[in-house]
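Student: The following block contains the structure, expressed as structure tokens.
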Amino acid sequence: MKHVLPNIPRPSLLHMFSEGRALIELSAFGAALPFLKRAPSGDGHPVMVLPGFLASDFSTKPIRSFLKGKGYATYGWELGRNLGTHIVGGEQVLSDQLINRVIELSVIHNAKVSLIGWSLGGILARELARIIPDCVRQVITLGSPFNGSHGSSPAVERLFELINGNVSQSNPDVVRKMFTPPPVPNSALYSKTDGVVHWQACINHRIEAHHQAENIQVRGSHSGLGHNPQAVWIVANRLSQSEASWQPYKNAELEKTQFSGKLKYV
């Protein structure tokens, strides 16, 4: 069946100009650490975090440090700044460097790797799971516009195309595959006040056809998703599930209630 997307708008100017909330969210992350310590602990399996467009492993250090404290073997992607150049197109889609990085971690730990991808990093994470599903345990995306660049802010889209060209035109088959969830459990976190990509670009559409795909709404900015306390709690919850018994997130309303009084900046 052909995958038909809704007409996804651009993010609003109001949300775009309020992306400075990310700094407040970073402060809130530090303040929320005593509460976040109550989040479920892990089983020690490897977790790799992929940064967003133009970002590096430095941006993902807070969430990696937190997850390390919860018992996971955490890693950055160690491929420098994410310029989008690891989308190479063709049948392979992604670069050998990126694919080999995940395979290496899986072999070292003799376990599947959970992938957390922020923005563009989430698009790469989903494609890694599609290419090497035997090495990937689950995928968690944070504000990742895997439904196409048309939902991104014009400035971000132009800059991406300046570096990488128009991927939609040069590799239309690759882009079409990105619309559908990968063959592993995958959780798409999104914010309706995201100022960089519209939230509808970041969710699994026609989700009823994919029993291992889910969408989870959080409150906050795009640039702060990697250290947003609510998002970090949900990530810890998703990672803590045993490999053979993944279930959709059931506590969305509970978490929204718990955090609504703490995160006044959203």
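Student: Pick from Leu79, Leu162, Leu50: which is most flexible by mean-square fluctuation in a GNM of the chain where alpha carbon atoms under 10 Å apart are linked?
Tutor: Leu162
Student: Report the one residue of Asn204, Gly220, Leu98 whose Cα lies farthest in the direction of the positive end of the charge dipole of the stretch 81-233 (charges on C-beta: Lys and Arg +1, Asp and Glu -1; origin at the Cα centre).
Tutor: Gly220
Student: Can you grab the distance from the C-alpha centre of the stretch 25-104 to the C-alpha centre of the stretch 132-204, Å, no decimals?
Tutor: Comparing the Cα centres of the stretch 25-104 and the stretch 132-204, I get a distance of 16 Å.
Student: While we're here: Could you pull out every residue, at least 5 positions away or on a different chain, whose amide H is within less than 5 Å of the one on Ser152? Hs are placed 1.01 Å off N in the peptide plane, and Pro or chain starts have none.
Tutor: When sequence neighbours closer than 5 places are left aside, the close amide H contacts are His198.
Student: Work from the charge dipole of the stretch 1-144 (Cβ charges, +1 for Lys and Arg, -1 for Asp and Glu, about the Cα centre) and give the residue of Thr141, Ile24, Leu54 farthest towards its positive end.
Tutor: Highest projection toward the positive end goes to Ile24.
Student: What is the local net charge at His227, summed over the other residues whose Cβ is closer than 12 Å to its Cβ (Lys, Arg +1; Asp, Glu -1)?
Tutor: +2
Student: Let me ask you something else. Name the most mobile residue of Pro185, Pro34, Pro145, meaning the one with the largest mean-square fluctuation, in a Gaussian network model of the chain with Cα contacts below 10 Å.
Tutor: The residue that fluctuates most here is Pro34.
Student: While we're on this one: If each of Glu243 and Lys192 carries a label point 7 Å out from its Cα toward its Cβ, how far apart are those two points in nm?
Tutor: For Glu243 paired with Lys192, the spin-label model returns 3.8 nm.
Student: Same structure, new question: Return, ordered by residue number, the residues of the stretch 136-166 whose backbone nitrogen is under 11 Å from a label point located 7 Å along Cα→Cβ of His109.
Tutor: Inside the label zone: 136-138.
Student: Looking at [x] 77, 36, 36; [y] 56, 48, 40; [z] 48, 47, 37, which value of Cα extents along the principal axes in Å comes from a calculation on the structure shown?
Tutor: [z]
Student: For the chain, with only Lys/Arg (+1) and Asp/Glu (-1) charged at the beta-carbon, what is the dipole magnitude about the Cα centre, in debye rounded to 20?
Tutor: My answer is approximately 680 debye.
Student: For the chain, list the DSSP H helices whose alpha carbon atoms reach 18 Å or more along the long axis and whose average Kyte-Doolittle value is 1.0 or above?
Tutor: 21-36
Student: When the chain is modelled as a GNM with alpha-carbon springs shorter than 10 Å, which of Ser106, Ser114, Ser170 fluctuates the most?
Tutor: Ser170
Quick note: the coordinates plus some simple rules give every number you see, no bench work behind them. These figures come from a predicted structure and were not determined experimentally. Counting neighbours? That spans all protein chains shown, and the Cβs are built from the backbone with ideal geometry, glycine included.
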